[in-house]
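The values are calculated or read from the model by the stated rules, or taken from the named source; none is laboratory data. All of these numbers come straight from a predicted model, not from anything done at the bench. Don't worry about glycine lacking a Cβ; one is built from the backbone with ideal geometry, like all the others, and counts go over all protein chains shown.
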Amino acid sequence: METIAERLKSVQITIEQSTLDAHRPSNTVKLLAVSKTKPVSDIVLAYEAGQRLFGENYVQEGVEKIKALESLDDIEWYFIGPLQSNKTRLVAEHFDWVQAIDRLKIAQRLNDQIAPPKILNLCIQVNIDDDANKAGIGVNELNDFAKAITELPNLRLRGLMTIPKANQSVTEQTASFAHMSVLFESLKKQYTTVDTLSMGMSGDTQNAINNGSTMVRVGTAIFGSRN
Ligand SMILES: *Cc1c(COP(=O)(O)O)cnc(C)c1O
């Protein structure tokens, strides 16, 4: 069996190769290692192999890991799961980024619960395929929603994230990613803080990068399958 360091290396190679294949500059796609359900010891192995960005989906589990790993320098913690209003305080206190914002009420609570000078970086989740099973705001709501977010002083709008519909054909998936890229480029023109298009996971890394992703969120390909 391959080690976490070896799997991390091959994900890095896939990212770099996909970036170059897409005629994009080297090192323009970040890797978020999704460590949900995996033990702290796995995160340490990835950290020792050079990984610094980690994503968690569950508040309690994420906060426990953040506390356990407090002594490691320069880790950035991303909350990427659905967030309920009774959990916002813990996220505001412990995480650096929140990637799946689709309700203004949640954003407002985070804004109120942050202790400045801390800033929380935030991506808006877009339900690009209008999938009834997916969270995220509709494409038509994006402009108004983004404007409302940028009026909250303790949050910094960094960009968009999406999870495309499962089991689409490659053609359909490509269309979804390309549509996200158009929305991202337009948002970037409106707000100078916007620099992140979070899309692509273990199974669709290449296609996402080919369509402009600046951050892929990869769990299984680094840490192995989850129970
Ligand atoms: C779990 C998860 C991932 C990682 O998925 P893999 O297929 O294991 O790479 C990425 N993004 C989100 C939002 C997730 O919940």
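Only residues that are within 16 Å of the ligand (Cβ to nearest atom) and either of a type outside the set (A, V, I, L, M) or surrounded by 23 or more Cβ atoms within 10 Å (Cβ to Cβ) (or both) were counted across the stretch 104-120, and they come to 0. For residue 146, the criteria (1) farther than 30 Å from residue 226 by Cβ; (2) within 16 Å of the ligand (Cβ to nearest atom) hold in every case but one, which is (2).
For the stretch 136-150, which residues satisfy the criterion of being among the small types (Gly, Ala, Ser), surrounded by 16 or more Cβ atoms within 10 Å (Cβ to Cβ) and either part of a helix (DSSP H, G or I) or in contact with a Lys or Arg (Cβ under 9 Å, 6 or more places away or on another chain) (or both)?
Residue satisfying the conditions is 146 alone.
Just so you know, in the stretch 212-227 the residues that are surrounded by fewer than 18 Cβ atoms within 10 Å (Cβ to Cβ) and either in contact with a His (Cβ under 6 Å, 6 or more places away or on another chain) or of a type in the set (S, T, N, Q) (or both) include one that is nearest to residue 33 (Cα to Cα), and it is 220. The set of residues in the stretch 212-227 being within 13 Å of residue 12 (Cα to Cα) and assigned to a helix (DSSP H, G or I) consists of 221, 222. When the stretch 15-30 is limited to residues that are surrounded by 20 or more Cβ atoms within 10 Å (Cβ to Cβ) and aliphatic (A, V, I, L, M), the one that is farthest from residue 207 (Cα to Cα) turns out to be 29. Can you pull out the residues in the stretch 212-223 that are within 9 Å of the ligand (Cβ to nearest atom) and not β-branched (Val, Ile, Thr)? Scanning the stretch 212-223 gives 217, 219, 221, 223.
Suppose the filter is in contact with a helix residue (DSSP H, G or I) (Cβ under 6 Å, 6 or more places away or on another chain) and part of a loop (DSSP other than H, G, I, E, B); does residue 65 pass it? Against the criterion (in contact with a helix residue (DSSP H, G or I) (Cβ under 6 Å, 6 or more places away or on another chain) and part of a loop (DSSP other than H, G, I, E, B)), residue 65 does not qualify. Considering the stretch 197-211, the residues that are part of a loop (DSSP other than H, G, I, E, B) and surrounded by fewer than 20 Cβ atoms within 10 Å (Cβ to Cβ) include one that is farthest from the ligand (Cβ to nearest atom), namely 203. In the stretch 181-192, the residue that is nearest to the ligand (Cβ to nearest atom) out of those that are surrounded by fewer than 17 Cβ atoms within 10 Å (Cβ to Cβ) and either aromatic (Phe, Trp, Tyr) or not in a helix (DSSP H, G or I) (or both) is 191. Of everything in the stretch 18-41 that's more than 15 Å from residue 226 (Cα to Cα) and of a type in the set (D, E, K, R), which residue is nearest to the ligand (Cβ to nearest atom)? Residue satisfying both the conditions and the ranking: 30. Within the stretch 68-99, the set of residues being in contact (Cβ under 8 Å) with a residue 40 or more places away in the chain, closer than 15 Å to residue 135 by Cβ and either surrounded by fewer than 23 Cβ atoms within 10 Å (Cβ to Cβ) or not hydrophobic (A, V, I, L, M, F, W, C) (or both) comprises 81, 82, 99. Exactly one residue among 26, 18 is more than 28 Å from residue 106 (Cβ to Cβ) and assigned to a loop (DSSP other than H, G, I, E, B), and that residue is 26. The set of residues in the stretch 29-50 being more than 15 Å from the chain's Cα centre (by Cα) and not acidic (Asp, Glu) consists of 37, 38, 39, 40, 41, 43, 44, 45, 46, 47, 49, 50.
Restricting attention to the stretch 52-67, and to residues there that are over 14 Å from residue 100 (Cβ atoms) and either at pLDDT below 95 or within 14 Å of the ligand (Cβ to nearest atom) (or both), which single residue is surrounded by the fewest Cβ atoms within 10 Å (Cβ to Cβ)?
61
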